[in-house]
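Everything below concerns the one structure shown next.
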Amino acid sequence: MDKLVIEGGVPLKGSIRISGSKNASLPILFASLMCSGTTVLLNVPDLRDIQTTLALLKYLGCDVDRSSNGQIKISPRVIQPEAPYDLVRTMRASILCLGPLLALLGKAKVALPGGCAIGARPIDLHLKALQKMGACFELKQGYVWGSCKKLKGAHIYFDFPTVGGTENLLMAACLAEGETILENVAKEPEIVDLANFLRAAGAKITGHGTSVIKVEGVSQLKGVKYKVMPDRIEAGTYMAAAAITKGQIKIENCPVENLDAVITKLTEMGIKCLVQKDCIQVVGDTEMQAVDIITAPYPGFPTDMQAQFMALMCVAKGSGTIKETIFENRFMHVMELIRLGADIKVRGDTAIIKGGARLIGAPVMASDLRASASLVIAGLAAEGVTEVNRVYHLDRGYENIEKKLQAVGARIWREKK
Ligand code: UD1
């Protein structure tokens with residue numbers, strides 16, 4: 001297994017260009033299953049989760065053609081309803097094929113994704129909502145077996161604004177009979193991007209980006225050319241890297257309007273964030289102050305940025321807290337940050353971080369994608385050498401992470417085992 005080796009202590013300087021969004025690309029790729037003809041997607045990042053999705057789309061019956069510049073062409077042929085365990089277990093977002101398959105074929109057999117390091121992550125809200133549209137489910141042999149005649153428009157209220165659940169239902173509703181009203185849905189920018197793609201393909205959707213989405217079903221969707229939005233979490237991660245190294249980085253091709261919570265917290269910490277049209281200049285020339293953070297559904301502070309900010313708080317002045325409200329077990333990075341010298345205590349859903357730590361490099365082990373990013377950030381500030389093991393987590397979500405960091409002066413490299 002590859003590892004990343006980091007010699008910390010270099011203030012990062014220069015510019016980093018943000019790649020296309022992983023979490024927007026995934027649902028849009030699954031939505032292309034429902035589009036007749038060819039869908040051409042631009043700005044899709046080259047990541048392991050994208051490769052897994054493409055493998056699944058091929059398995060389901062699509063021709064897939066990927067060129068080196070982030071362009072992917074998908075042409076559905078004869079679609080079959082089974083998403084096998086071997087593909088689903090490596091990526092939970094595979095469950096996003098459930099809505100499209102039911103809408104298209106009236107049946108689906110999708111492996112249950114199972115839990116993961118950050119929590120149980122059930123799909124009960126997806127299933128409950130699809131049942132309201134007329135689908136029936138059976139759970140057997142580790143699979144969700146779904147069937148329906150034609151999905152029917154329904155009025156659905158989500159108990160929690162689940163991102164994946166909103167996406168699955170939004171896709172399913174596009175080809176359902178009649179009107180679907182989805183209430184208390186997630187408002188994440190990636191959902192808006194999915195809705196914009198579906199609208200370009202012929203869907204009738206309004207209200208995306210608010211907590212009520214209305215969809216008038218249509219008889220078919222057509223493949224279109226669509227450019228995926230830039231990745232706000234990748235952008236936030238490099239902003240944190242600039243801050244912790246007291247560097248100065250220009251984040252280019254940045255979804256500035258989707259980063260309010262991150263910019264607000266960095267500014268509160270004393271970091272200058274100079275916002276321009278589609279870039280942010282981050283200047284970390286003062287000592288950071290600790291802050292209190294509560295993760296929340298968008299537009300709240302993203303759970304996907306919590307671990308990276310924890311690394312910042314370890315070296316900031318004073319004590320701060322991070323309360324995680326989205327996932328029940330998302331503090332796996334705490335023990336590893338402690339190995340680097342951090343002073344953190346976890347009490348239930350809250351981490352209490354005493355700042356001012358002197359971080360010293362050590363071998364650390366990543367447990368999930370964003371936890372790995374926090375260890376890289378901490379490693380960039382630590383004295384000596386930090387080795388981040390299990391880099392495959394990072395490869396799921398960050399395109400060319402070590403190359404992008406090298407380009408702004410970081411001493412970081414990959415070692416193959
Ligand atoms: C998506 C993102 C992930 C991000 C998360 C929250 C993708 C591919 N992944 O994950 O990076 O961290 O949103 O912003 O876009 N839940 C249920 N029942 C359900 C569905 C969800 O209890 O049927 C719970 C989950 O266990 C979790 C919470 O709701 O505790 C949030 O999950 P959800 O918003 O669905 O996140 P994902 O779509 O899995």
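The values are calculated or read from the model by the stated rules, or taken from the named source; none is laboratory data. Keep in mind that what you see is a predicted model, and the values were worked out from it rather than measured. Counting neighbours? That spans all protein chains shown, and the Cβs are built from the backbone with ideal geometry, glycine included.
Condition check ((1) near the ligand (Cβ under 9 Å from one of its atoms); (2) not in a helix (DSSP H, G or I)) across all residues:
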{"residue": "Ala129", "(1), (2)": "yes, no"}
{"residue": "Gly134", "(1), (2)": "no, yes"}
{"residue": "Leu139", "(1), (2)": "no, yes"}
{"residue": "Gly146", "(1), (2)": "no, yes"}
{"residue": "Gly164", "(1), (2)": "yes, no"}
{"residue": "Ala172", "(1), (2)": "no, no"}
{"residue": "Thr180", "(1), (2)": "no, yes"}
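Got a number for residues in the range 134-170 being within 19 Å of Pro122 (Cα to Cα), touching an Asp or Glu at 6+ places or on another chain (Cβ under 7 Å) and touching a residue at least 40 places away in the same chain (Cβ under 8 Å)? Total meeting the criteria: 1.
For (1) within 15 Å of the ligand (Cβ to nearest atom); (2) more than 22 Å from Ala357 (Cβ to Cβ); (3) not in a loop (DSSP other than H, G, I, E, B), each residue gets a yes or a no:
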| site | (1), (2), (3) |
| --- | --- |
| Ala243 | no, no, yes |
| Ile263 | no, yes, yes |
| Gly270 | no, no, no |
| Lys277 | no, yes, no |
| Gln281 | no, yes, yes |
| Glu287 | no, no, no |
| Gln306 | yes, no, yes |
| Leu312 | no, no, yes |
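A single entry from Ile233, Ile181, Ile271 fulfils the requirement of being without any contact (Cβ under 8 Å) to a residue 60 or more places away in the chain and closer than 30 Å to Ala407 by Cα: Ile271. Selection of the range 96-107 for residues being touching a residue at least 60 places away in the same chain (Cβ under 8 Å) and surrounded by fewer than 24 Cβ atoms within 10 Å (Cβ to Cβ) yields only Leu104.
Being within 16 Å of the ligand (Cβ to nearest atom) and closer than 16 Å to Asn258 by Cα is a description that applies to Ala296.
Residues Val218, Val185, Val212, Val163: which one is in the same structural domain as Ile74 (by TED's automatic domain parsing), surrounded by fewer than 18 Cβ atoms within 10 Å (Cβ to Cβ), of a type outside the set (Gly, Ala, Ser) and closer than 18 Å to Pro299 by Cβ? Before the answer, list the steps.
Details: Val218 fails: closer than 18 Å to Pro299 by Cβ; Val185 fails: surrounded by fewer than 18 Cβ atoms within 10 Å (Cβ to Cβ); Val163 fails: surrounded by fewer than 18 Cβ atoms within 10 Å (Cβ to Cβ).
Going through Val218, Val185, Val212, Val163 in turn, just one is in the same structural domain as Ile74 (by TED's automatic domain parsing), surrounded by fewer than 18 Cβ atoms within 10 Å (Cβ to Cβ), of a type outside the set (Gly, Ala, Ser) and closer than 18 Å to Pro299 by Cβ: Val212.
Per the listing Ile326, Ile322, Ile412, Ile377, the residue uniquely of a type outside the set (Gly, Ala, Ser), part of a loop (DSSP other than H, G, I, E, B) and under 24 Å from the mean Cα position of the chain (by Cα) is Ile326.
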